[in-house]
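Notes follow the structure.
What follows draws every value from the coordinates through simple rules; no lab data is involved. Only a predicted model underlies this, so the values are computations on that prediction, with no experimental measurement involved. Virtual Cβ from ideal backbone geometry, glycine too; neighbours counted across all protein chains shown.
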Amino acid sequence: MTDAYKVSGAGRKPKLAMPPKACETHSHVYGPAEKYRRFPGRTPDYGASVEEYARMLDRLGMERCVIVQPSLYSYDNTCSLDAMAYFGKSRARGVAVTKTDVSKQELQRLHDAGMRGIRFFLLVDDLKLEDAPAMAKKVAPFGWHLQAQDHGNWLPDAMPLLKSLPIDVVIDHVGRTPAETGVGDPGFQALLRFMETGKCWVKISAPYLATLDGPPRYADVGDKVRALVDVRPDRLVWAANWPHPGHTGADDKPEEADLLDVMLDWVPDKKVRDAIFADNAAVLYDFDD
């Protein structure tokens with residue numbers, strides 16, 4: 001664990017009680033440097049162990065989780081796979097990063113271990129958007145989705161390609177469209193139209209990445225979440241984005257319980273809220289219910 005950023009699963013318990021089989025759908029696990037090879041020039045070693053992640057899940061009341069391959073490990077999914085195995089297939093799924101020439105046999109191995117999506121983290125250069133059609137064809141036989149994240153004015157240009165794919169698409173962190181343009185942002189409006197098709201899912205997560213209002217309510221992000229709920233509440237899932245990459249000091253680390261409790265305001269309908277926490281994730285990540 002680095003001295004610059006110490007992570008733990010500690011924190012307060014949320015006010016919001018989770019339904020059975022609630023699932024946290026986007027976090028990263030980092031292991032010891034002597035065991036897991038780092039990719040040069042990537043994000044810092046956050047020292048976020050699987051044991052600490054498990055404590056955070058238990059504190060929030062999450063029975064299930066989705067471990068997303070962090071950019072630090074590039075195409076080497078070993079740490080994420082080991083973390084998934086720690087929880088077991090009844091409780092954990094994952095989203096992988098692969099090379100473009102990944103074999104069918106390797107995809108089968110990842111699938112058998114619980115991977116259910118391929119990550120396009122467009123802020124780094126592992127997989128580029130132009131790789132998406134070919135990669136979508138490779139993962140389609142396994143029932144995987146494509147998970148995409150960028151920031152700023154990225155969605156209008158990306159949307160035609162994403163809509164053309166033969167698999168479902170998951171957009172991270174409420175789209176990360178510019179906070180300044182709010183719900184009326186052209187990219188966010190395009191995202192709403194894509195959601196209407198049923199092929200697009202959105203993660204309600206990391207509101208601190210695109211907000212002018214800030215904590216604890218993130219009111220501008222709440223406006224976007226309400227708009228998403230109005231369109232396709234069955235295509236929304238919730239995530240903590242632990243250990244909050246980019247927050248490099250203990251003083252500015254978000255409290256996961258705050259990010260959970262704000263859903264009481266954003267999604268006041270308990271039936272809809274419980275579906276976002278549990279039922280929708282069970283469908284998207286192919287849990288055996």
Per-pair calculated FRET efficiency, R0 = 30 Å: Asp82 and Asp265 via Cβ, rounded to 0.05: 0.20
Integer Hz, Karplus 6.51/-1.76/1.60 couplings in order for region 12-27, x for Gly and Pro: 7, 7, x, 6, 7, 7, 7, x, x, 6, 4, 10, 8, 10, 6, 8
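Quick check on the chain: helices-only [θ] at 222 nm, where DSSP H runs of length 4 and up contribute -39,500 (n - 2.57) each and the sum goes over total residues. Nearest 500, please.
Values: 11 runs with 93 residues, N = 289.
So the helix-based figure for the chain works out to -9000 deg cm²/dmol.
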Cut-off under 5 Å, modelled amide H: who pairs with Ser27 long-range: Val66, Val68
The chain: most fluctuating residue of Leu264, Leu228, Leu81 per GNM, C-alpha cutoff 10 Å: Leu264
Fully extended contour minus Cα-Cα distance, from Ala17 to Ala33, at 0.36 nm per residue: 2.1 nm
Glu51 paired with Lys104, simple spin-label distance in nm, labels 7 Å along Cα-to-beta-carbon: 4.3 nm
q = 0.10 Å⁻¹: log10 I(q)/I(0) that the Debye formula gives for region 171-289, counting C-alpha atoms only: -0.28
Rg [Å, one decimal], Dmax [Å, integer] - region 129-236, C-alpha atoms: 13.7, 43
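What net charge is computed for the residues neighbouring Asn241, neighbours being all others with C-beta under 13 Å from the C-beta of Asn241, Lys and Arg scored +1, Asp and Glu -1?
Details: positive: Arg176, Lys203, Lys253; negative: Glu24, Asp172, Glu255, Glu256, Asp258.
It works out to a net charge of -2.
Can you give me the relative contact order of region 23-284 as a percent, contacts being Cα pairs under 8 Å and 6 or more apart?
Working: 451 pairs, mean separation 43.5, N = 262.
Relative contact order comes out at 17 percent.
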Rel. contact order, % - alpha carbon contacts under 8 angstrom, at least six apart, region 175-225: 41 percent
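So what is Rg over Rh here for region 66-168, counting just Cα atoms and using Kirkwood for Rh?
Working: Rg = 13.3 Å, Rh = 13.9 Å.
The Rg/Rh ratio comes out at 0.96.
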Cβ-defined net charge surrounding Tyr218, 11 Å radius [Lys, Arg +1; Asp, Glu -1]: -3
q = 0.11 Å⁻¹: log10 I(q)/I(0) that the Debye formula gives for region 23-284, counting C-alpha atoms only: -0.55
